[in-house]
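One structure is given below, encoded as structure tokens.
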Amino acid sequence: MENLEVIAINKNPIEKKDLEYIQEKAKREFEILSGNTILFTGAGGFLGYYFIKSILAWNDIYPKRKIIVHALDTFTTGVPQWLQKRADVKIIKKDVTKYRPSERQNFDYIIHAASIASPVFYRKYPIETINANVQGLYAILDYMLKRQNTKKKVLGLLFLSSSEIYGDPTEGNVPTPETYPGNVSCTGPRSCYDESKRFCETLCVNFSKVHNLQIKIARPFNNYGPGLKITDGRVIPDFANDILHDRDIHLLSKGSPTRTFCYIADAIVGYIKVLIRGKISESYNIGVEETEISMYELAEKMKDIAGLNFGYSGEIIMKKNKDKNYLTDNPQRRCPQIDKAKKDLGFQPQISLDEGLMNTLSWYKENFQ
């Protein structure tokens with residue numbers, strides 16, 4: 001029997017355990033991907049961090065059944081060390097809005113993850129956010145069309161959309177099913193992200209149906225964990241940043257909006273399953289249904305975990321953000337219904353919020369101090 005211990009990608013014990021978990025839960029899907037070539041856009045982002053590491057971990061376990069990854073990103077701060085000097089990784093250092101795959105390149109699968117995903121940054125760079133989603137996707141769809149009638153047509157495209165496409169769900173629509181059409185502003189400060197993701201889903205569905213392209217859509221719900229930059233601007237890294245700098249936790253709202261949070265290892269399993277087992281031109285919520293928690297309760301939970309394990313003694317302080325649009329169109333509740341992913345994909349997230357937050361804080365402590 002082949003050795004299932006993942007050791008070559010990272011010696012960090014948290015990542016090692018997570019990658020082993022992904023290998024176990026998605027082994028059948030990795031077997032289907034074996035021997036194929038994948039184009040991954042946004043390789044330097046949060047989802048790329050564990051998604052690509054999980055592929056490389058597979059390659060280290062099963063070197064005769066490798067999956068080749070073409071990692072596309074601007075890599076403005078440099079190519080990460082873990083991506084360097086590997087024969088199974090081809091670095092494409094380009095802006096996704098300017099990248100046009102050559103017809104001579106044989107990509108069996110494509111994962112389009114290139115986008116600015118943090119509200120802090122996509123509100124600062126709205127045009128860039130729209131272009132990364134839409135222009136990047138158009139180039140991929142054009143490539144797929146050109147190869148559709150050849151012996152090397154693309155076997156599958158996974159578009160990583162967002163739970164933001166639902167906007168602020170109305171009463172009675174939480175937990176939110178894939179059939180909910182959304183309650184979204186097309187002109188608000190978050191619309192650059194929300195509406196570009198919605199339009200990309202429209203492109204995916206119509207190109208898939210008109211041209212018989214193998215396209216599936218995943219809608220991430222509040223993923224977190226190792227690989228998410230502590231300066232990202234989303235709530236968990238923000239709280240972690242305060243904790244690790246031994247500051248009071250700054251809560252930039254009344255703390256009443258609620259979310260469920262899906263740990264990255266569970267999320268990656270879900271995305272791989274959507275790519276391989278999802279129905280063509282359909283979308284899947286990838287997240288957890290429990291526990292829905294307020295931002296104040298999240299701050300308390302992270303404070304308690306850090307106090308018990310790291311000696312943290314800070315308090316929770318409510319402050320007002322200087323950005324007047326910080327909370328505009330911010331959903332009051334976000335919680336997915338995942339019955340479809342359970343039924344079609346066998347998706348069963350298992351990592352609790354307490355375990356995930358402990359892993360995340362420990363990873364940040366090791367990597368940012």
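Of all residues in segment 297-328, those that are surrounded by 18 or more Cβ atoms within 10 Å (Cβ to Cβ), in a helix (DSSP H, G or I) and not charged (D, E, K, R) total 5. Evaluation of Gln105 against the conditions (1) outside any helix (DSSP H, G or I); (2) over 30 Å from Gly188 (Cα atoms); (3) within 19 Å of the chain's Cα centre (by Cα); (4) not acidic (Asp, Glu) shows that the sole unmet condition is (3). The criterion of being within 20 Å of Cys204 (Cα to Cα), out of contact with any helix residue (DSSP H, G or I) (no Cβ under 6 Å at 6 or more places or on another chain) and either small (Gly, Ala, Ser) or open to solvent by 50 Å² or more (accessible area, probe 1.4 Å) (or both) does not hold for Gln81. In this structure, does Ser256 turn out to be closer than 24 Å to Asp168 by Cβ, assigned to a loop (DSSP other than H, G, I, E, B) and either at pLDDT below 95 or open to solvent by 10 Å² or more (accessible area, probe 1.4 Å) (or both)? Taking the combined requirement at face value, the residue satisfies it. Within segment 173-183, not a single residue is touching a helix residue (DSSP H, G or I) at 6+ places or on another chain (Cβ under 6 Å), buried (at least 20 other Cβ atoms within 10 Å of the Cβ) and within 19 Å of Ile38 (Cβ to Cβ).
So for segment 86-95 (the condition being part of a helix (DSSP H, G or I), among the small types (Gly, Ala, Ser) and either open to solvent by 20 Å² or more (accessible area, probe 1.4 Å) or in contact (Cβ under 8 Å) with a residue 40 or more places away in the chain (or both)), does at least one residue qualify? Outline the logic, then answer.
Within segment 86-95, the first condition is being part of a helix (DSSP H, G or I), and the residues that meet it are none.
No; the residues of segment 86-95 include none that is part of a helix (DSSP H, G or I), among the small types (Gly, Ala, Ser) and either open to solvent by 20 Å² or more (accessible area, probe 1.4 Å) or in contact (Cβ under 8 Å) with a residue 40 or more places away in the chain (or both).
Just one of the listed residues (Ile286, Ile268) is closer than 30 Å to Thr187 by Cα, open to solvent by less than 10 Å² (accessible area, probe 1.4 Å), in contact (Cβ under 8 Å) with a residue 60 or more places away in the chain and not aromatic (Phe, Trp, Tyr), namely Ile286. Scanning segment 217-231 for residues that are buried (at least 24 other Cβ atoms within 10 Å of the Cβ) and among the basic types (Lys, Arg) returns a single hit, Arg219.
Return yes when Ile32 is at pLDDT 95 or above and of a type in the set (Val, Ile, Thr) and no when it is not. Can you show your working first?
Details: at pLDDT 95 or above: yes; of a type in the set (Val, Ile, Thr): yes.
The answer is yes for Ile32.
Being in contact with a helix residue (DSSP H, G or I) (Cβ under 7 Å, 6 or more places away or on another chain), under 17 Å from Ala114 (Cα atoms), in contact (Cβ under 8 Å) with a residue 12 or more places away in the chain and open to solvent by less than 30 Å² (accessible area, probe 1.4 Å) is true for just one of Leu275, Leu203. Which residue is that? Break it down into steps so the answer makes sense when it comes.
Working: Leu275 fails: in contact with a helix residue (DSSP H, G or I) (Cβ under 7 Å, 6 or more places away or on another chain).
Result of the check over Leu275, Leu203: Leu203.
In the condition set (1) within 18 Å of Ser118 (Cα to Cα); (2) free of Cβ contacts under 8 Å to residues at least 40 places away in the same chain; (3) in a loop (DSSP other than H, G, I, E, B), Gly188 is compliant with all but (2).
Evaluating Asp60 against the criteria (1) open to solvent by 30 Å² or more (accessible area, probe 1.4 Å); (2) outside any helix (DSSP H, G or I) leaves one unmet condition, (2).
Could you tell me whether Ser102 is over 14 Å from Phe40 (Cβ atoms) and either open to solvent by 20 Å² or more (accessible area, probe 1.4 Å) or touching a helix residue (DSSP H, G or I) at 6+ places or on another chain (Cβ under 8 Å) (or both)? Give the steps one after another, and end with the answer.
Numbers: over 14 Å from Phe40 (Cβ atoms): yes; either open to solvent by 20 Å² or more (accessible area, probe 1.4 Å) or touching a helix residue (DSSP H, G or I) at 6+ places or on another chain (Cβ under 8 Å) (or both): yes.
In short, yes.
Checking each residue in segment 238-250 for being without any contact (Cβ under 8 Å) to a residue 40 or more places away in the chain and open to solvent by 60 Å² or more (accessible area, probe 1.4 Å) picks out only His245.
Determine, yes or no, whether Ser253 is more than 30 Å from Ala43 (Cβ to Cβ), among the hydroxyl-bearing types (Ser, Thr, Tyr) and touching a residue at least 12 places away in the same chain (Cβ under 8 Å).
yes
In this structure, does Asp108 turn out to be surrounded by fewer than 22 Cβ atoms within 10 Å (Cβ to Cβ), under 15 Å from Ile272 (Cα atoms), of a type outside the set (A, V, I, L, M) and in contact (Cβ under 8 Å) with a residue 12 or more places away in the chain? So Asp108 fits the description; yes.
The values are calculated or read from the model by the stated rules, or taken from the named source; none is laboratory data. Not measured: the values here are computed from a predicted model. Please note: Cβ atoms are built from the backbone with ideal geometry, for glycine as well, and neighbour counts cover all protein chains shown. Only protein heavy atoms, including side chains, enter the accessible area calculation; ligands, DNA and RNA are left aside. Shrake-Rupley method; radii C 1.70, N 1.55, O 1.52, S 1.80 Å.
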